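Peer 1: The structure follows.
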Amino acid sequence: MTGVYHWLRLRFFPPIPDAIRDDIALLRAYRVETLTPMLFLMLAATTPTAIYAGVDTVHPIVRIGFPVTLAIVGLLGFVFLIHNRGRRMSLRRARRVIKESIWLSGTMGAMCSSWTVINWLAAPSSTHSYYAMIMAMGSLATAYCLSSIRLATFINLLIGLVPISVLMLTSGNPPEIAAGTSLVVATIFLLRMILQQHDQLIDLLQLQHQMRDLAHTDPLTGLANRREFDMRLDEEIAKGDAANPFAIALLDLNGFKPINDQHGHAIGDGVLCELAERLRRACGDHAVVARQGGDEFAILVPAGSTLLKTALADHVLAALAAPYRIGGRAIGVGAGIGTARWPEHGDSARKLLEVADRALYAAKAADREKTSSVESIDRVA
């Protein structure tokens, strides 16, 4: 029994990959807010005919009260959704829309189903087709509008179509049995389409996520690329507060070209990948590390990061000091780094990058001068 339940749950409610969970929520909420206004309006428009067709012997609360309540909810829902049209869909609001859609549609579906079943039982058999038709049309339209939210769809089909289908199939009236069978087949077909639509949506969002990652990720090292770094830098400046500064650093290797010339590009790529991994470990979740291209890298240390309390250049260079062991070879390569802080060194991305770039070349020049001095001393000795 547990195995069957597990299979059914995976089949009808498959897990959503974490990488696209938020995208799914936003898309679901947007689809609901786009499609449901007309559904609410349709629900309110059918109220007069529902009251007119109600059986006189049915209690007024059910015969009149239920349709009037649904009409009021439909009109309020329509006005609310039209008022919010064009409003930015945040993740928090999307999740609220999904939850409200589930319980509200379930409640409304239960009221419609109760009204239909009670009037069916009280009405002469010659008028049964009206109640079945209005319930079927309402449930199928609701299921279509809520098809992006599986749970809401299943609840509405279960509440709306199962009771009326059972009444039709057990009525003993051949036309009603035939109509009930057609309704069951149509419902199964709709469920199948919803399942396929959901699977296709997951595949599409995963593909979009992969393409987005490729567009913002360096393929060799797996770090952020220049585009992602520039975007994150602009975001940090846009939300910047002078009381909470942030910093950037530019880094490149000293003498990287000879490594490619002497050992080959495969070894050179290995050095870059190892350097990227050391930068990840050194910065952790406290900074954004990006490869700008070639042997050039950039680091963005956002406001509030613990790395701002350290000597950033010394911290990074210490992590890169040990030789790189690539393909069984120990390869020594140095690095230069230049830093800039916002807003002290500039209030724009261009100014910050210029300051960091000048600091980088000054550091590399000082390193070359130091190396030349050591070589001169060795020759004298």
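The values are calculated or read from the model by the stated rules, or taken from the named source; none is laboratory data. Remember, it's a predicted structure, so these values are computed and weren't measured experimentally. Because the Cβ atoms are built from the backbone with ideal geometry, glycine has one as well, and the counts that use them run over all protein chains shown. Please note that ligands, DNA and RNA were not included when accessible areas were found on the heavy atoms of the full protein model with its side chains. Shrake-Rupley method; radii C 1.70, N 1.55, O 1.52, S 1.80 Å.
Peer 1: Give me the distance in nm between label points sitting 7 Å out from Cα along the Cα-to-Cβ direction at Asp22 and Asp261, one decimal.
Peer 2: So the label points at Asp22 and Asp261 sit 4.7 nm apart.
Peer 1: Identify the residues of region 260-290 with backbone N under 18 Å of a label point that sits 7 angstrom from the Cα of Lys309 along the Cα-to-Cβ direction, or state none.
Peer 2: From region 260-290, the list is 282-287.
Peer 1: What part of the accessible area of region 226-376, given as a whole %, is carbon or sulfur when the probe is 1.4 angstrom? Kindly include the intermediate steps, with their values, before the conclusion.
Peer 2: Working: 3950 of 7790 Å².
Solvent-exposed carbon and sulfur of region 226-376 make up 51 percent of the total.
Peer 1: So what's the back-of-envelope 222 nm ellipticity for the chain, counting only DSSP H runs of four-plus at -39500 (n - 2.57) apiece and dividing by all residues, rounded to 500? Intermediate values should be presented prior to the final figure.
Peer 2: Details: 13 runs with 256 residues, N = 381.
My calculation for the chain gives -23000 deg cm²/dmol from helical runs alone.
Peer 1: Follow-up question, since we're still on this one. For Glu296 paired with Thr57, estimate the spin-label separation in nm (one decimal), with each label point 7 Å from Cα along the Cα-to-Cβ line.
Peer 2: 8.7 nm
Peer 1: Then there is this: How much accessible area per residue does region 45-93 have, counting only protein heavy atoms and a probe of 1.4 Å, in square angstrom? Write down the numbers at each step before the final one.
Peer 2: Details: 3250 Å² over 49 residues.
Computed with neighbouring chains in place, this is 66 Å² per residue.
Peer 1: Okay, next question. What FRET efficiency, computed as 1/(1 + (r/R0)^6) with R0 = 41 Å and r the Cβ-Cβ distance, is obtained for Thr49 and Arg92, rounded to the nearest 0.05? All intermediate terms of the calculation are to be shown ahead of the outcome.
Peer 2: Working: r = 39 Å, r/R0 = 0.95.
Here the calculated transfer efficiency is 0.55.
Peer 1: To two decimal places, what compactness ratio does region 68-119 give when its Cα radius of gyration is scaled by 2.2 N^0.38 Å?
Peer 2: Ratio of Rg to 2.2 N^0.38 Å for region 68-119: 1.38.
Peer 1: Okay, moving on. Stretch Thr107-Asp269 to full length: gain in nm at 0.36 nm per residue minus the Cα-Cα span?
Peer 2: 52.3 nm is the gain from fully extending Thr107 to Asp269.
Peer 1: While we're on this one: In units of 2.2 N^0.38 Å, what is the alpha-carbon radius of gyration of the chain? Working shown, then result.
Peer 2: Details: Rg = 32.9 Å, N = 381, 2.2 N^0.38 = 21.0 Å.
Relative to the rule-of-thumb radius for its length, the chain sits at 1.56.
Peer 1: Further, regarding this structure: How large is the accessible surface of Ser126 in square angstrom, using a 1.4 angstrom probe and rounding to the nearest 10?
Peer 2: Solvent-accessible area, nearest 10 Å²: 100 Å².
Peer 1: Show me 340-348, 129-137 ranked by packing, highest mean number of other Cβ atoms within 10 Å first. Please report the intermediate quantities before stating the final value.
Peer 2: Working: 340-348: 16.8, 129-137: 18.7.
Ranked by mean Cβ neighbours within 10 Å, highest first: 129-137, 340-348.
Peer 1: Let me cross-check Lys239: its accessible surface, 1.4 Å probe, with only protein heavy atoms counted, in Å² to the nearest 10?
Peer 2: Accessible area of Lys239: about 140 Å².
Peer 1: OK, next. In nm, to one decimal, how far is the Thr181 label point from the Val68 one, both placed 7 Å along Cα→Cβ?
Peer 2: About 4.3 nm separates the two model spin labels.
Peer 1: Still on this model: If eta is 0.890 mPa s and T is 25 °C, what Stokes-Einstein diffusion coefficient results for region 226-376, Kirkwood Rh from Cα pairs, in µm²/s? Walk me through the intermediate numbers first.
Peer 2: Details: Rh = 16.1 Å.
Using the Kirkwood radius from Cα pairs, D works out to 152 µm²/s.
Peer 1: With a 1.4 Å probe and all protein chains left in place, how much accessible area per residue does region 108-194 have, in Å²? Write out the running numbers ahead of the final one.
Peer 2: Working: 3820 Å² over 87 residues.
Ligands and nucleic acids excluded, the result is 44 Å² per residue.
Peer 1: Between Arg281 and Arg226, what's the calculated FRET efficiency when r is the beta-carbon distance and R0 is 25 Å? Round to 0.05.
Peer 2: 0.70
Peer 1: How large is the accessible surface of Val32 in square angstrom, using a 1.4 angstrom probe and rounding to the nearest 10?
Peer 2: Accessible area, nearest 10 Å²: 10 Å².
Peer 1: Now, a different point. For Leu214 and Ala321 in one chain, what is 0.36 nm times their gap in residues minus the Cα-Cα distance, to one decimal in nm? Walk me through the intermediate numbers first.
Peer 2: Working: separation 107, 0.36 × 107 = 38.52 nm, distance 3.03 nm.
Stretched out fully, the Leu214 to Ala321 stretch lengthens by 35.5 nm.
Peer 1: Okay, next question. Taking the Cβ-Cβ separation of Ala122 and Lys99 as r and a Förster radius of 35 Å, what is the calculated FRET efficiency to the nearest 0.05? Mind showing how you got there, number by number?
Peer 2: Details: r = 35 Å, r/R0 = 1.01.
That gives a FRET efficiency of 0.50.
Peer 1: Rounded to a whole number, what % of the accessible area of region 94-192 do carbon and sulfur atoms account for, probe 1.4 Å? Kindly include the intermediate steps, with their values, before the conclusion.
Peer 2: On the way: 3490 of 4560 Å².
Of all accessible area on region 94-192, carbon and sulfur atoms account for 77 percent.
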